[in-house]
Amino acid sequence: MKVLLSPAKNMKRPERAARVTKPDFLREAQALLERLRAYESWQLEGLLKVSPKMAVEAYLNYQCMDCLLYTSPSPRDKRQS
C-alpha cells in the first residue's frame with residue numbers, strides 16, 4: 001500500500017464540525033504523527049516540497065496535533081446526507 005501526504009494550502013478548521021467517527025487507522029496515524037514531529041521545519045520543507053513558510057506552519061501543526069481531538073467528518077457520513 002502506498003500513502004501520499006500533501007500539506008493543505010489552507011488548514012483552517014471548520015467552526016462547526018459534522019458528526020465525526022473514530023479513525024480506522026488511529027494507531028498508524030499516531031505512529032506517523034510521532035515520526036513527523038521528529039523533523040525540523042527545514043527538513044519538512046524538503047520532504048513535503050513546500051516553501052519555508054509552509055514548512056514552518058506544517059511543523060507547528062504537527063507539534064500540537066492530537067489524533068484523538070483533530071477529527072474530520074467521515075466520508076461515510078457525507079454519502080448518507
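Miscellaneous remarks
- Other residues with beta-carbon under 12 Å from the beta-carbon of Leu68 carry, at +1 per Lys or Arg and -1 per Asp or Glu, a net charge of +1.
- Within-15-Å neighbourhood charge of Glu45 [Cβ basis; K, R +1; D, E -1]: 0
- Phi-based couplings in Hz for region 35-50 (Karplus 6.51, -1.76, 1.60; Gly and Pro marked x): 5, 5, 5, 6, 7, 7, 4, 5, 6, 5, 4, x, 5, 8, 6, 10
- Built amide H within the under 5 Å cut-off of Val50, gap 5+: none
All of the numbers you see were taken from the coordinates with simple rules; none came from a lab. Here the structure is a predicted model, which means the values were calculated and not measured. Quick reminder, even Gly has a Cβ in these numbers, built from the backbone with ideal geometry, and neighbours come from all protein chains shown.
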